[in-house]
Amino acid sequence: MSKISSEMIPTDIHNSPIFYSTVSHEKNILVKNKGQHINPLAKPLTLHYVPDTSLSPNIQSQELKLSQSMPFYMSKAPTKVEESKGDTGMDGAKESISLDELISAVVGNYFEDRLFEDEVKNGYLKSLKDNKNYRKTQTYVQAKKLYEPEETKFKKDQSLHKDKQTVILGLEGVLAKLSLEEMRNCDAKFEIGQNGLVLGTLYVKLRPYLLEFLDHIAKKFELIAFCKGSELYCKPVLDFLESKTRYFAHRLYSNYVLFDNQNFSVKYYDFLLTHGRTPANTVILDCGVETYSLCLYSGVPVLLFTDEHDIELVHVAKYLDELNKVGNIEETLKNSLNKCGLSLY
């Protein structure tokens, strides 16, 4: 089980319009001393995101303010499963199964299996038609001019990721379920606000095996988080995921979404495929094919997270392990599309 300590509080909170407030629950004691930790097993801890205009960028050490409002639940990774004890009459005991053990049992090709689903096939056919139209729009032309100067901002860190392929991950529906409506059995919930105004409560349910998944793929790939939602909405969730370990080399939010409606968002990836990244060494993981309409040979559609007991990330991790061994990701995905009758160009 993960433990939370003072070292897990991000060091750059003064750079954010939102600050962290962590508080103990009953006998759990808030500890700020290095090396000590709070045991999350007994009771939920609390994490509170509220605006604080008093914080100064020049403050060297931040005093965490106490709040009694928002329950914070640690991730349940690795997922526990019930194992029957047969005729012994004993109650089922919980046994931890690692992600690596599950990966070893996975068979099949995740991407090609998904391509046989009608919804995914139709998504590719629609996106093929839309792709050409998107690039002719004024929105795309203006975005290209606006974002090209930012290419260097998101360039690949060659000292860390020189020989690594890149995985661009969607957040909503891929890694977690986010909702402003009350959610039962959530893993975390935050009050979000800005400029002294609390805007609402954000409920978060992490996909099973999420932290193990991120640990697993971060060893092999450069990871980039590309969110549909705004920074205000998604930053608390990413901060939570990275409270102990930094996974993402870069984070992108809704300001890089070109076209949006309630069903899907078309994200602008062009400026990420520069400075050390190419379609040959980059793969996009997102829920809808439409999301990566501008890069159809670079994306893998991940099943939307709706079932809290799913093991989708196990299958995705297995497939990424396989992509990690190929020389050209784009050609590999293209071959799979052709094999399944989806020759796009």
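The values are calculated or read from the model by the stated rules, or taken from the named source; none is laboratory data. Remember, it's a predicted structure, so these values are computed and weren't measured experimentally. Counting neighbours? That spans all protein chains shown, and the Cβs are built from the backbone with ideal geometry, glycine included. Side chains included, ligands, DNA and RNA excluded: accessible areas come from the protein's heavy atoms. Shrake-Rupley method; radii C 1.70, N 1.55, O 1.52, S 1.80 Å.
Odds and ends about this structure:
- Using the Cβ of Gln138 as centre and a radius below 14 Å, the other residues enclosed give a net charge of +4, where K and R count +1 and D and E count -1.
- Taking the average, over residues, of other Cβ atoms within 10 Å as the packing measure, peptides 305-317, 134-146 rank 305-317, 134-146 from highest down.
- Segment 153-204 - percent relative contact order, Cα under 8 Å, separation 6 or more: 30 percent
- Ranked packing of 326-338, 165-177, 107-119, most packed first, by mean Cβ within 10 Å: 165-177, 326-338, 107-119
- What the Cα atoms of segment 91-195 give is an Rg and a Dmax of 20.9, 63 Å.
- Length added when fully stretched, Arg246-Asn335, from 0.36 nm per residue minus Cα-Cα: 28.7 nm
- Mean Cα-pair separation over length for segment 158-236, i.e. relative contact order, pairs under 8 Å, 6 or more apart, %: 41 percent
- Under the Karplus curve 6.51 cos²θ - 1.76 cosθ + 1.60, θ = phi - 60°, whole-Hz ³J(HN,Hα) for segment 109-121, x wherever Gly or Pro sits: 10, 4, 5, 5, 4, 5, 5, 7, 7, 4, 4, 6, 4
- Under 5 Å between amide hydrogens, built in the peptide plane, is the criterion, and for Phe226 it picks out Leu169, Gly170, Leu171, Leu252 among residues at least 5 positions away or on other chains.
- Straightening the chain between Asp321 and Asn133 buys 64.2 nm, computed as 0.36 nm per residue apart minus the Cα-Cα spacing.
- Label-to-label distance for Lys126 and Asn185 is 3.0 nm, based on points extended 7 Å past Cα in the beta-carbon direction.
- Cβ-based net charge around Thr306, under 13 Å, with every Lys or Arg adding one and every Asp or Glu removing one: -2
- Carbon and sulfur %, accessible surface of segment 102-257 computed with the full protein complex present, 1.4 Å: 49 percent
- Here the Karplus curve 6.51 cos²θ - 1.76 cosθ + 1.60, taken at θ = phi - 60°, turns the phi angles of segment 159-165 into couplings of 5, 9, 10, 3, 9, 9, 6 Hz, with x standing for Gly and Pro.
- Cα-Cα separations in segment 146-243 greater than 24 Å, expressed as whole percent: 33 percent
- Computed from backbone phi, the HN-Hα couplings of segment 299-304 come to x, 10, x, 8, 4, 4 Hz, rounded to whole numbers (Karplus: 6.51 cos²θ - 1.76 cosθ + 1.60, θ = phi - 60°; Gly and Pro given as x).
- D_trans [Stokes-Einstein, Kirkwood Rh over alpha-carbon pairs] for segment 244-345, 25 °C, 0.890 mPa s, µm² s⁻¹: 162 µm²/s
- Potential lengthening between Ala280 and Asn109 on full extension [0.36 nm per residue; Cα-Cα distance subtracted]: 59.7 nm
- A simple spin-label model places pseudo-atoms 7 Å from Cα toward Cβ; at Ser230 and Asp260 they are separated by 0.8 nm.
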